[in-house]
Each structure stands twice: as C-alpha cells, then as structure tokens.
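Presented below is the structure to which this report refers.
Just so it is clear, none of the values below were taken in a lab; they were calculated from the coordinates. Small disclaimer: the values here were computed from a predicted structure and weren't measured. As a convention, Cβ positions derive from the backbone with ideal geometry for all residues, glycine included, and neighbour counts pool all protein chains shown.
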Amino acid sequence: MNKKLEERIKLEVKIKMDLEKDLSEAIGKVLKEYGVTGDYIFNVRKDWDYCHEPVEYLKGKKFLQPIWCLGSGCAKVEDPTKVYPI
C-alpha cells in the first residue's frame, strides 16, 4: 500500500473513532440527565431505506468511501468515553 493512502486511511479511522466517542458522550449525557445508569448500546446511522444520503465528508475531509454508520458501540452512562464494540 502506498504511504499516502495508508496515511489517509489512518486519518479517516481516527475521525470516525472521534465521532463515535463524541456520539457516545452526548448520548451518555442525555441518559444521565434522565436518571438512567449503567450500560447502553447505540447505533447512529444514515439509512438508504429512508432516502438518506451517506456521509461523504467529516471535518472537511472527503472519505474514500461514503459511510452509512456514524457510530455504534456499547458504553456506560458513568463513563461514556470508553466505547466497546457491540
């Protein structure tokens, strides 16, 4: 794999992971405000069944392939920054 492509893929992965963490923190904050505690699972996505368009850009960076899933994982309300795979 050429170096430029490898760097681009690493940047895309970092952006997606940061977005997933931010989504989890936002969801955890809302759940906490409603008195919910413990584990939760989230899945934030665009869906072609609902005529959504995939995301082609995040933070001004164009992705190699458009993405449909913006973030998914399992976390705890008490520590939403630690996101685990579902």
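At a glance:
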read-out	value
Angstrom value of the Kirkwood radius, inverse mean 1/r, which spans all Cα pairs in the chain	14.2 Å
Count, lysine Cα pairs under 16 Å in the chain, 8 or more residues apart or across chains	23
Value of [θ]222 nm, deg cm²/dmol, for the chain, DSSP H segments ≥ 4, -39500 (n - 2.57) each, nearest 500	-13000 deg cm²/dmol
Mean separation of Cα contacts under 8 Å (6+ apart) over length of the chain, as relative contact order %	36 percent
Label point distance in nm, K61-I86, each placed 7 Å from Cα along Cα→Cβ	2.4 nm
